[in-house]
Amino acid sequence: MSGGARLENANPVIFQRSGERLLTASEEDEDVHDPIDDREIFDLIRSINDPEHPLSLEELNVVEQIRVKVDDAGNTVGVEFTPTIPHCSMATLIGLSIKVKLLRSLPDRFKIDVHITPGTHASEEAVNKQLADKERVAAALENSSLLEVVNQCLSTRTI
Amino acid sequence: MRGVGGVRGGTMAADSTLLLSLVEEFVSGLQDSKAKDAAKGVKDGQFTVLQLVEALGLSLTSSQAPTRARGVQLLSEVLKECYGELTEREVEVLIAFYENRLKDHYVITPPVLQGLRALTRCTTLPPGSAVSMLRSLFQDVHVQSLMLAERACVYSMLINLMETREAELKGLGADFVFGFVQSMDGERDPRNLLLAFQIAKSIIHRGYDLGKFTEELFEVTSCYFPIDFTPPPNDPHGITKEELIQELRGVLTGTPKFAEFLLPLIIEKLDSDVPSAKLDSLQTLTACVSQYEHKDLAEFLEGLWASLRREVFQTSSENVESAGLAALTALTSCLSRSVLNSDSEDSLSSFLDLILKDCKHHLCEPDLKLVWPSAKLLQATCCASNRASHIVTAAVMPSLIDQYNSRTQCSQRRTLLEVVQRFIQSVKSSQSSDSDESVLSAFREALCSVMFSALSESDSSLQITATSALTSLAQLTGLLLDSDIELAIDHLTRLLLIEEDGRVSAAVVECAGALAELHPAAFIAKLIPRLKHEMFCEPMAQDLTEPSKQHSHHAMRQRCLSALAAVSKQSSVVQDSTPVLLEVLSSAHTGSVSFSVDEVVLACHSLQRIAEQVEDEEETGRCFHDVIIPRLLSLALQAALQGEGSPGVRSPLVEEAVLSAMVPVISTSCSRLQPTMAAQTASRAVSLFLDGDVSFLPDNSFPSHIQLLKKQQGDSWSQSQMVCLLMGCVCSLPRSVEVPQIDQLLSALEEMSCTCSHQLSYTSAAKCFAGLVNKRPPGDSLDSLIQRTMKRVCSELDSTSSSVRIQAFTLMIWVAKALLLRYHPLFKTLTDKLFSLLDDTDLGPMAADSFSLLMSDFTDVLNRSCHADVRIMYRQRFFSENSAKLVQGFNAATQEKKSNYLKALSNIVNKLPKQVQVTELPALLSLLLEALTCPDQGVQLSTLSCLEPVLINPPPALIQQLEALVNRLLALLCSPAMNVRIVSLRCIHALSSFPVHEVLPFRARVLRALAKPLDDKKRLVRSEAVQARGEWFLLGSPGGR
């Protein structure tokens, strides 16, 4: 972040991070099958970095566990995300980062749907359409400067 | 010539021909080595410098510039060797000659400078010559047109002269500074820059007159700020960026005269996008203000504040943020230092006003991002001085306290309380020892009521924050009243008794520990009696039937026990808390109050913790020696004499868990005893165990014929297992303490460890034997003892039908451990036996496991705190002496025995220090890779876990084997054991941080292979796979790595 640049939202509301998922005995049991659940999907995306702030999407409340739906048997995942302000220019980028993270982290049997929480963004439909379009997502990732920003959002932060 | 000349008169003629030929060969023959010979000649007194000059005559006056240069070069090189032998007169002549040569052709300049440099080293430098040399130098030479080495020559001339002729140079006035500025202007080589910065630093620190050239000197050095330098690979000069930064910082921050130039420069550079430039600017700012006064800063304060605020508000790295905060603290303390004039405004308070104006309102928005940066900035000013913390806390505390009281959401209250706590901490760090009035005394009451209300909340994180705030508040000397402490104890006690949340009770216990150190009397009077009462209170009969009530009663006791340990740091508290813990043990034994085995174990842990942490060792040592150890032995003996009924009926004090918990109590306290008490403990313990002497035990109603170390009737173990307590006593004493009846004791222990069938008994006897052997003085008696024992052990091991092979093996491995630690030569016979056992059908796997025992440290015996004889690096030594044998054994072994060798090897490598692993790995790599294909999951796991740390900094040998490594790791992803899958995923993750060009070829293959574990049935495996795959995706991708 350059020193001179002004942020769109310099003082956002910060939300508390949820703790690490508690380990259960069944998770350590070799023979039990652990289904992929909402919390597991949420854990994949909550630590994605915001493109502007040194904060995670969870801390900015862009993603919430209640807005994550997974159907393990039906092979579908649905994620709604909420931009911090209705005119946030980063919405597409955030959506793309979530989508890419899920594509890299989930078995390919899943159909992944990422869209904006209804009524929280000015150009909701346009963004949703872009994110749902497989070819446009693929094309976006061919663009190396866009891929660079996405990768930065997905890097584990080293402080 | 001088004195010796006459004596040597006879050889003069011969010498002068020699000299002439040397000159000829050097100047015309271009034989550089002749300079050495000439110098040697002068040194040995064969000829003088004057004769050399005469001999050089023709070359020095030659019309050919290169010839003149060659001539001067010979003279200079001779002077370089012989400058110490010149007279003042000679030096004067030479300087005049060299100064004159500076005006000559440019090819002559390099040797001239070398000559001058040699002359600057002379102690006989005549007065005035330093000045004249420099004048000619500055006048006739343009330094920056010279080559690297000649520039260095000029700088070292300056350095030499500044060392020895400081007064003369200062006489030059500002001309000297100007000359230097001109000389270094445009310097580019880092080696020369280090020299130039050194000169500039001396100019500043030694008070040379800068005159009107202050700005020039600043300009010529500050143009390198911030330093951007990456040393070339394999740089032979070893100059680092950090070195240059430090030297330049020394120059720039050296004088307040630079303030007007430096501060705007820092403000400008802070705007940079390069993090290292920001960091350097902030650190330079912190360094420079320590020299400044407020008048130097005045006009830049607003600009500096704006930059610092921006860096902390919008920071992207923690380094920059903390450097910014440190700079703000330094600025504030500079302003706090300056003395106020009646007419000038108070610059500190106006600066703080500026900060408060920008930050204070953010403290009222506990949900928003800027609350923390604002708080940190204000706290940074608080740390700077007592006065600053007065001003800032007076401004922010009332509103923080108001906010806390008016807000209702727990998360907001917690943030506010955390902010308050950090303020308390920063006030603490600014508190000077002599000020009696605390900065926060005006807020004492309000703060206490905030803490206590937070402790009464139901939100656990709020409670936790409140305990740490209370701890910080109590650290401020003289702030809290006795009544506040009593109230605090009430709150802490209440939480200890009822709070079920583990994190809260851990925080409460920690807080109680911290407070008890400061106010022991209040804790003795209030907390301990109350906890005792509650612990010994039997739950109601109807509660016992309800499992949840029973559970909460157990948890309450658990918290009380750990609180008792935490508060016992001062010996006055120990006197009151340990009787409670002992009473737990005795009630558990008699059954008067029922305590579970777990609770008894915890009571022992608490005793052990007290023994470890007490501050007053002598007094507490006496308490342990007189009361606690005899009491523990007595209780254990009473329980043992009752015999082993079925579990539940028998006393909990015969349980292995309880005894094993008693051992560290005894060993920790014995290891810290004063020598006389230690000797007494030793003789009491030995006479109890060997002779059945119970006279020192309290509650003495024991039968007279106790024989704890003799074979018991019908293999009864309740008495024999008490040998572990004997080990606690005698194996942890200082080595100077003589153990009485040592020979009888050792043979009784050997007998027991070879014949007893109860595992705890024979293992403890073996450990006790080993602990004593480790401390025996070297010599024949020790050697024959070991040989005797080995003979017995071997005869048992060699008879495959023996019923006590395991016992014999246990004794052998513990003795081996004792000897390994002290590098005893007989250790080798034991290792040979151990290696041969790797091929044993029954004991093979056990032998392989025992390598881990040899390499590990134990808390109860054979460690440094037990005063055992432990040589440094015994693990490395064992490894280097035996790894080859293991490899050989592996190659020779049959297929089904190979895994024993691999397991032994990975047990050893696992315990080696990281550096050794890295250096030894190349030799073992192929074997470890082999081990990864071994079907035994234990071997796989242990090999993976010793590979994993090595992968973080991979040695080159590993990179060469990358293909094989990747193949084996990917193959293990299909292992049926989830642990193997998890650790191999971690290893694959670690591979992603290898040098990019090495691992990039594997990217596609690894990503494909990692797709499968993403759908693993175990969540733990999936999450490792996700992390590993994420990193491999970033590899070689823009924005990634």
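The values are calculated or read from the model by the stated rules, or taken from the named source; none is laboratory data. Remember, predicted model here, so these are calculated numbers, not experimental data. Positions of Cβ are generated from backbone atoms using ideal geometry, with glycine treated the same way; all protein chains shown enter the neighbour counts.
Filtering segment B:637-683 down to residues that are among the β-branched types (Val, Ile, Thr) and either modelled with pLDDT of 85 or more or crowded, with 21+ Cβ neighbours inside 10 Å (or both), which residue is farthest from B:SER586 (Cα to Cα)?
Within segment B:637-683, the match that is farthest from B:SER586 (Cα to Cα) is B:THR676.
Kindly check whether there is at least one residue in segment A:139-152 that is modelled with pLDDT of 90 or more, part of a helix (DSSP H, G or I), more than 14 Å from chain B (Cβ to nearest Cβ) and farther than 22 Å from A:ASN61 by Cα.
Taking every residue of segment A:139-152 in turn, at least one turns out to be modelled with pLDDT of 90 or more, part of a helix (DSSP H, G or I), more than 14 Å from chain B (Cβ to nearest Cβ) and farther than 22 Å from A:ASN61 by Cα.
Mind telling me which of the residues B:VAL909, B:VAL918 ends up being buried (at least 20 other Cβ atoms within 10 Å of the Cβ), of a type outside the set (Phe, Trp, Tyr) and within 24 Å of the chain's Cα centre (by Cα)?
Criteria check complete, one pass: B:VAL909.
Counting only residues that are over 23 Å from B:ALA1028 (Cβ atoms) and not polar (S, T, N, Q), how many does segment A:39-78 have?
Adding up the residues that qualify gives 17.
Quick one: B:LEU285 ticks every box in (1) more than 14 Å from chain A (Cβ to nearest Cβ); (2) within 22 Å of B:ILE227 (Cβ to Cβ); (3) touching a Leu at 6+ places or on another chain (Cβ under 6 Å) bar one, so which box is it?
(3)
List the number of the failed condition for B:GLY1036; all other conditions in (1) at pLDDT below 90; (2) surrounded by 15 or more Cβ atoms within 10 Å (Cβ to Cβ) hold.
If we test B:GLY1036 against (1) at pLDDT below 90; (2) surrounded by 15 or more Cβ atoms within 10 Å (Cβ to Cβ), just (2) comes out false.
Which ones in segment B:292-341 are away from chain A (no Cβ under 14 Å), in contact (Cβ under 8 Å) with a residue 24 or more places away in the chain and β-branched (Val, Ile, Thr)?
Matches in segment B:292-341: B:THR329, B:THR332.
At least 2 residues that are out of contact with any Asp or Glu (no Cβ under 7 Å at 6 or more places or on another chain), among the acidic types (Asp, Glu) and surrounded by fewer than 22 Cβ atoms within 10 Å (Cβ to Cβ) in each: list the helices (runs of 4 or more DSSP H) lying fully within segment B:66-151 that qualify.
Passing ranges, in order: B:88-101.
Would you confirm whether any residue within segment B:688-705 is part of a helix (DSSP H, G or I), farther than 25 Å from B:VAL815 by Cβ and of a type outside the set (Asp, Glu)?
For segment B:688-705, residues part of a helix (DSSP H, G or I), farther than 25 Å from B:VAL815 by Cβ and of a type outside the set (Asp, Glu): absent.
Condition first: touching a residue at least 40 places away in the same chain (Cβ under 8 Å), within 11 Å of the chain's Cα centre (by Cα) and over 19 Å from A:LEU55 (Cα atoms). Now tell me which residues in segment A:101-123 satisfy that.
A:LEU102
Can you find, within segment A:52-63, the residue that is farthest from A:GLY78 (Cα to Cα) among those that are crowded, with 17+ Cβ neighbours inside 10 Å and more than 9 Å from chain B (Cβ to nearest Cβ)?
Residue satisfying both the conditions and the ranking: A:GLU52.
Inspect all residues belonging to segment A:15-33 and state whether any of them is among the aliphatic types (A, V, I, L, M), under 16 Å from the mean Cα position of the chain (by Cα) and within 11 Å of chain B (Cβ to nearest Cβ).
Applying the first criterion (among the aliphatic types (A, V, I, L, M)) to segment A:15-33 yields A:22-23, A:25, A:32.
Next, from what is left, pick out any that are under 16 Å from the mean Cα position of the chain (by Cα): none.
Checked segment A:15-33: no residue is among the aliphatic types (A, V, I, L, M), under 16 Å from the mean Cα position of the chain (by Cα) and within 11 Å of chain B (Cβ to nearest Cβ).
Quick one: which residue in B:LEU633, B:LEU602 is out of contact with any Ser or Thr (no Cβ under 6 Å at 6 or more places or on another chain), buried (at least 22 other Cβ atoms within 10 Å of the Cβ), modelled with pLDDT of 90 or more and under 22 Å from B:VAL694 (Cα atoms)?
Result of the check over B:LEU633, B:LEU602: B:LEU633.
At least 2 residues that are hydroxyl-bearing (Ser, Thr, Tyr) and more than 24 Å from B:SER374 (Cβ to Cβ) in each: list the helices (runs of 4 or more DSSP H) lying fully within segment B:264-314 that qualify.
By residue number, B:275-289.
How about segment B:955-993: which of its residues are within 14 Å of chain A (Cβ to nearest Cβ), outside any loop (DSSP other than H, G, I, E, B) and of a type in the set (A, V, I, L, M, F, W, C)?
Within segment B:955-993, B:MET978, B:VAL980, B:ILE982, B:LEU985, B:ALA990 meet the criteria.
Test B:LEU941 against the stated conditions and say whether it is assigned to a helix (DSSP H, G or I), surrounded by 21 or more Cβ atoms within 10 Å (Cβ to Cβ) and more than 9 Å from every other protein chain (Cβ to nearest Cβ).
No.
One residue is enough: does segment B:990-999 have a residue meeting the conditions crowded, with 17+ Cβ neighbours inside 10 Å, in contact with a Ser or Thr (Cβ under 7 Å, 6 or more places away or on another chain) and in contact (Cβ under 8 Å) with a residue 12 or more places away in the chain?
So far as segment B:990-999 goes, yes, one or more of its residues are crowded, with 17+ Cβ neighbours inside 10 Å, in contact with a Ser or Thr (Cβ under 7 Å, 6 or more places away or on another chain) and in contact (Cβ under 8 Å) with a residue 12 or more places away in the chain.
Go through segment B:994-1041 and report how many residues are within 11 Å of chain A (Cβ to nearest Cβ) and over 30 Å from A:ASP38 (Cα atoms).
The total comes to 3.
Let's see how each residue does on (1) of a type in the set (S, T, N, Q); (2) within 21 Å of B:SER333 (Cα to Cα); (3) touching an Asp or Glu at 6+ places or on another chain (Cβ under 7 Å):
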site	(1), (2), (3)
B:THR214	yes, no, no
B:GLU219	no, no, no
B:SER222	yes, no, no
B:GLY254	no, yes, no
B:ALA277	no, no, no
B:GLU293	no, yes, no
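May I ask you to verify whether A:GLU40 is at the interface with another protein chain (Cβ under 9 Å from one of its Cβ atoms), surrounded by fewer than 18 Cβ atoms within 10 Å (Cβ to Cβ) and at pLDDT 85 or above?
Against the criterion (at the interface with another protein chain (Cβ under 9 Å from one of its Cβ atoms), surrounded by fewer than 18 Cβ atoms within 10 Å (Cβ to Cβ) and at pLDDT 85 or above), A:GLU40 does not qualify.
Restricting to segment B:580-596, name every residue that is at pLDDT 90 or above, of a type in the set (A, V, I, L, M) and surrounded by fewer than 19 Cβ atoms within 10 Å (Cβ to Cβ).
Scanning segment B:580-596 gives a single hit, B:LEU582.
So which residues in segment B:945-989 are under 28 Å from the mean Cα position of the chain (by Cα) and either over 20 Å from B:VAL909 (Cα atoms) or crowded, with 17+ Cβ neighbours inside 10 Å (or both)?
Residues satisfying the conditions are B:CYS946, B:LEU947, B:VAL950, B:LEU951, B:PRO954, B:LEU958, B:VAL983, B:ARG986, B:CYS987, B:HIS989.
Assess whether B:THR831 counts as being surrounded by fewer than 16 Cβ atoms within 10 Å (Cβ to Cβ), at negative phi and at pLDDT below 90.
Taking the combined requirement at face value, the residue does not satisfy it.
Kindly check whether there is at least one residue in segment B:553-575 that is without any contact (Cβ under 8 Å) to a residue 40 or more places away in the chain, assigned to a helix (DSSP H, G or I) and not aliphatic (A, V, I, L, M).
Quick first cut of segment B:553-575, residues without any contact (Cβ under 8 Å) to a residue 40 or more places away in the chain only: B:553.
Going one step further and asking which of them are assigned to a helix (DSSP H, G or I), we end up with B:553.
With not aliphatic (A, V, I, L, M) added as a condition, the list becomes B:553.
So far as segment B:553-575 goes, yes, one or more of its residues are without any contact (Cβ under 8 Å) to a residue 40 or more places away in the chain, assigned to a helix (DSSP H, G or I) and not aliphatic (A, V, I, L, M).
Give just the number: which of (1) buried (at least 19 other Cβ atoms within 10 Å of the Cβ); (2) within 13 Å of chain A (Cβ to nearest Cβ); (3) within 24 Å of B:GLU215 (Cα to Cα) does B:ASP271 not satisfy?
Of (1) buried (at least 19 other Cβ atoms within 10 Å of the Cβ); (2) within 13 Å of chain A (Cβ to nearest Cβ); (3) within 24 Å of B:GLU215 (Cα to Cα), only one is false for B:ASP271: (1).
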